[in-house]
Amino acid sequence: MPEPAAPRRSAVAHPRRAPAVLLGLGLALLPVVPARAEAPAAPSVRCQITDPRLTELSGLVDVGDRMLAMVDGGDQVAVHVLDGACQVVDVTTAALDPYDPEDLGVGPDGTVWFADTGDNATTRATVALIALRPDGGTSLYRLTYPDGPRDAEALLLAPDGTPYLVTKEVLGASHVYRPAAPLADGGTVPLTDVGTVTFTLTGTPGGPVGRAGQLLVTGGAVARDGSRIALRTYTDAYVWPLAGSDVPAALAAEPVRIALPDAPQGEAVSFTADGSGLLVAGEGVPGDVTLVPIPAATAPAPPSGAAAADPSLSALLGDDGTGISPVTAGVAAAIVATVLVWIGGRMRRRRSGGPPAGA
């Protein structure tokens, strides 16, 4: 189901004046490559979110002495400003009713980008990026996929301002898209497929869908200095060096994989403002915002075949049954994960009152 053709209150709405933290920010086919696995890096809890408005936390950006956060749901665009203790100190809103917001980013000019790109049922005719500019203005940019609806929960904003969407795929082959033309405020622009990043089973516990969660991309981040990019699944984070703004080329390299702390539904990821680590968080309150250092050294990954070759469906879902072929296991896991994610999306929209009329 597409988003509304217009905002519920105005075609281009303006939020109230953005807080100072928002005003001063100056901030092909990709091969399948095994990630280098890192030893546990002694994560630590930065703070704990207790505000019930952030129960469905999905996007997070560290901007120094503040963090910006958004949730998966609601009937208006809302960016929450958090202090160092994870307390909400301000909220910037826009009179736009999103369908399924999933990720958050900050552009090089300080614009806050809100990715309304979720589509668990893969039925949306368009997805959208919503820009909250430092001058208080708001822009709505609609996008269409070249190959039909996709569910995307990760936004990567390149240093040159180009947005990239990374899809959430139950078999681990995530597509990477960018706009095929300049974005048009209030208009619709096609996306182009610029590559695929393939994830394999890692054995890291966590997530709401068993081992299938090791394959599902739930968030993305770009370092403030533009030197690195990251994607996360429910269980692991992957970090690539970035040269310039060529995100597809960066994703073609071998990433560093970092096992994340076990979490029931981890979706948010951000580089720290100084770039030395990652901040990760997820749904549910109270919920930790956890600092995960990025190792300077790398270590060889365990043989990728060890996890990927396990032929059982129950290996993907978390128990010890055997006897199912890899093809059958993959298809069955895809069906199970898709159903679970779809049900979760339906429940979220039902709690928030459902999509707006005409969506």
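Just give me the residues in the range 62-78 being over 16 Å from Thr117 (Cβ atoms) and either touching a helix residue (DSSP H, G or I) at 6+ places or on another chain (Cβ under 9 Å) or modelled with pLDDT of 95 or more (or both), in sequence order. Walk me through how you get there before you give the answer.
Taking the range 62-78 first, the residues over 16 Å from Thr117 (Cβ atoms) are 62-69, 75-76, 78.
If the condition is that a residue be over 16 Å from Thr117 (Cβ atoms) and either touching a helix residue (DSSP H, G or I) at 6+ places or on another chain (Cβ under 9 Å) or modelled with pLDDT of 95 or more (or both), then Asp62, Val63, Gly64, Asp65, Arg66, Met67, Leu68, Ala69, Ala78 are the ones that fit.
Scanning the range 55-70 for residues that are of a type in the set (A, V, I, L, M) and surrounded by 23 or more Cβ atoms within 10 Å (Cβ to Cβ), which turns out nearest to Pro286 (Cα to Cα)? Show your work before the answer.
Taking the range 55-70 first, the residues of a type in the set (A, V, I, L, M) are 57, 60-61, 63, 67-70.
Okay, now just the ones that are also surrounded by 23 or more Cβ atoms within 10 Å (Cβ to Cβ), so 57, 60-61, 67-70.
Working: Leu57: 11, Leu60: 16, Val61: 19, Met67: 17, Leu68: 17, Ala69: 15, Met70: 16 Å.
Only one residue fits best here, namely Leu57.
Regarding the range 161-175, can at least one residue be identified that is more than 19 Å from the chain's Cα centre (by Cα) and open to solvent by 20 Å² or more (accessible area, probe 1.4 Å)? Break it down stepwise before answering.
Taking the range 161-175 first, the residues more than 19 Å from the chain's Cα centre (by Cα) are none.
Looking through the range 161-175, none of the residues is more than 19 Å from the chain's Cα centre (by Cα) and open to solvent by 20 Å² or more (accessible area, probe 1.4 Å).
Could you list, in sequence order, the residues of the range 145-156 that are surrounded by fewer than 22 Cβ atoms within 10 Å (Cβ to Cβ) and either out of contact with any Ser or Thr (no Cβ under 7 Å at 6 or more places or on another chain) or assigned to a strand (DSSP E or B) (or both)?
Asp147, Gly148
Sort through Val112, Val79, Val89, Val106 and tell me the only one that's in contact with a Ser or Thr (Cβ under 7 Å, 6 or more places away or on another chain) and of a type outside the set (Asp, Glu). Spell out the reasoning first.
Values: Val112 fails: in contact with a Ser or Thr (Cβ under 7 Å, 6 or more places away or on another chain); Val89 fails: in contact with a Ser or Thr (Cβ under 7 Å, 6 or more places away or on another chain); Val106 fails: in contact with a Ser or Thr (Cβ under 7 Å, 6 or more places away or on another chain).
Selected residue: Val79, the only one of Val112, Val79, Val89, Val106 that is in contact with a Ser or Thr (Cβ under 7 Å, 6 or more places away or on another chain) and of a type outside the set (Asp, Glu).
Residues checked against (1) part of a loop (DSSP other than H, G, I, E, B); (2) of a type in the set (A, V, I, L, M, F, W, C); (3) under 14 Å from Asp103 (Cα atoms); (4) open to solvent by 10 Å² or more (accessible area, probe 1.4 Å):
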{"site": "Asp193", "(1), (2), (3), (4)": "no, no, no, yes"}
{"site": "Pro205", "(1), (2), (3), (4)": "yes, no, no, yes"}
{"site": "Thr218", "(1), (2), (3), (4)": "no, no, yes, no"}
{"site": "Ala230", "(1), (2), (3), (4)": "no, yes, yes, no"}
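On the given criteria, is Ala263 part of a strand (DSSP E or B) and buried (at least 18 other Cβ atoms within 10 Å of the Cβ)? Before you say what the answer is, go through the steps one by one.
Numbers: part of a strand (DSSP E or B): no; buried (at least 18 other Cβ atoms within 10 Å of the Cβ): yes.
Criteria not met by Ala263.
Restricting to the range 72-91, count the residues that are assigned to a strand (DSSP E or B) and closer than 21 Å to Ala223 by Cα.
As a first pass, look at the range 72-91 and keep what is assigned to a strand (DSSP E or B): 77-82, 88-91.
Those left that are additionally closer than 21 Å to Ala223 by Cα: 79-82.
Looking only at that region, the number is 4.
Filter the range 207-216 down to residues that are in a loop (DSSP other than H, G, I, E, B) and under 23 Å from Asp147 (Cβ atoms) and give me whichever is nearest to the chain's Cα centre (by Cα). Quick ask: steps written out before the conclusion?
Going residue by residue through the range 207-216, those that are in a loop (DSSP other than H, G, I, E, B) are 207-209, 215-216.
With the extra rule that they be under 23 Å from Asp147 (Cβ atoms), the set shrinks to 215-216.
Numbers: Leu215: 13, Leu216: 10 Å.
Per the stated criteria, the residue is Leu216.
All but one of (1) at pLDDT below 95; (2) under 22 Å from Thr117 (Cβ atoms) hold for Gly220; state the number of the condition that does not hold.
It is condition (1) that Gly220 fails.
Counting only residues that are open to solvent by 10 Å² or more (accessible area, probe 1.4 Å), give me the strands (runs of 3 or more DSSP E) lying completely in the range 105-144 with at least 3 of them.
Counting at least 3 such residues, we get 138-144.
Can you pull out every residue in the range 232-254 that is part of a loop (DSSP other than H, G, I, E, B) and under 17 Å from Leu291 (Cα atoms)? Lay out the reasoning, then the answer.
Quick first cut of the range 232-254, residues part of a loop (DSSP other than H, G, I, E, B) only: 234-235, 242-246, 252-254.
Tyr234, Thr235, listed by residue number.
The values are calculated or read from the model by the stated rules, or taken from the named source; none is laboratory data. Since the model is a prediction, treat every value here as computed from it, not as a measurement. Don't worry about glycine lacking a Cβ; one is built from the backbone with ideal geometry, like all the others, and counts go over all protein chains shown. Each accessible area value is taken on the protein alone, full model and side chains, heavy atoms only, with ligands, DNA and RNA left out. Shrake-Rupley method; radii C 1.70, N 1.55, O 1.52, S 1.80 Å.
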